[in-house]
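The values are calculated or read from the model by the stated rules, or taken from the named source; none is laboratory data. Keep in mind that what you see is a predicted model, and the values were worked out from it rather than measured. Here Cβ is always computed from backbone atoms with ideal geometry, including for glycine, and neighbour counts include all displayed protein chains. Please note that ligands, DNA and RNA were not included when accessible areas were found on the heavy atoms of the full protein model with its side chains. Shrake-Rupley method; radii C 1.70, N 1.55, O 1.52, S 1.80 Å.
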Amino acid sequence: REVHSVAAQAEAIAAYVLSRTSDNWKLIPAEYRDRGFSGGSVDRPGYQRMLADIEADAVDVIVVHRLDRISRSLPDFVAFIALLDRHNVGFVAVTQAFDTTTSIGRLTMHLLGCFSEFERACISERTRAKIVATRQKGQWTGGSAILGFDVVDKALVPNDVEACTVNEIFAAFLRCGSLRQTLKELERRGIRTKTHVTKRGARTGGQPFSKSTLHHLLS
């Protein structure tokens, strides 16, 4: 039954392309079939092969039976349409009158892009609001703590031992007057970045300072 359905879709697509021969359309041998894969995921071999052909400029128009043959996720679908737009590739859904090679189809494509941009803006606003609310509760929202501080119960608290090291780093910078010379001084004295222990017990950090990590600490 599934084989017949996929075959019927391929026949409908072939017939549509044939009907557009007056527009110089030609059916190419490549078919992107993902039998047994959910349309809710873009991690499908046929789909990925199609994306590779689009990026290689190997096709002019992608023709599908229905829109959900591409993806059932709006963000994924909009990202797909954006890829087509960058490579000037048309897109047609045979049974749903969706055709970006026409003016109304391009309008629909741009409307989808507007909805996607609106969705991203809403997500950013919610994320910023959550961060502000967390900070108002006195909780740390900056990831791993920098040298001189620890995160305890989601709050940033001074680490007295590391604070002495931070004071030494600032004093070295004031004496040396440049990041490059300060780095040499820290290397000579064996001063390293903060060491972290992950929840799994792995130790990270404890590396020689670089220009970026030293600048981050000083600023």
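Looking at this structure, is D53 assigned to a helix (DSSP H, G or I) and not aliphatic (A, V, I, L, M)? In short, yes. The set of residues in region 58-74 being assigned to a helix (DSSP H, G or I), in contact with a Gly (Cβ under 8 Å, 6 or more places away or on another chain) and surrounded by fewer than 17 Cβ atoms within 10 Å (Cβ to Cβ) consists of D68 alone.
Note on region 179-207: residues that are open to solvent by 40 Å² or more (accessible area, probe 1.4 Å), more than 16 Å from I146 (Cβ to Cβ) and not β-branched (V, I, T) amount to 13.
Being of a type in the set (S, T, N, Q) and either at pLDDT below 85 or surrounded by 16 or more Cβ atoms within 10 Å (Cβ to Cβ) (or both) is not true of S19.
Can you tell me which residue among R200, R135 is over 30 Å from I81 (Cβ atoms), part of a helix (DSSP H, G or I) and either at pLDDT below 85 or in contact with a helix residue (DSSP H, G or I) (Cβ under 8 Å, 6 or more places away or on another chain) (or both)?
Just a single option satisfies the conditions, and that option is R135.
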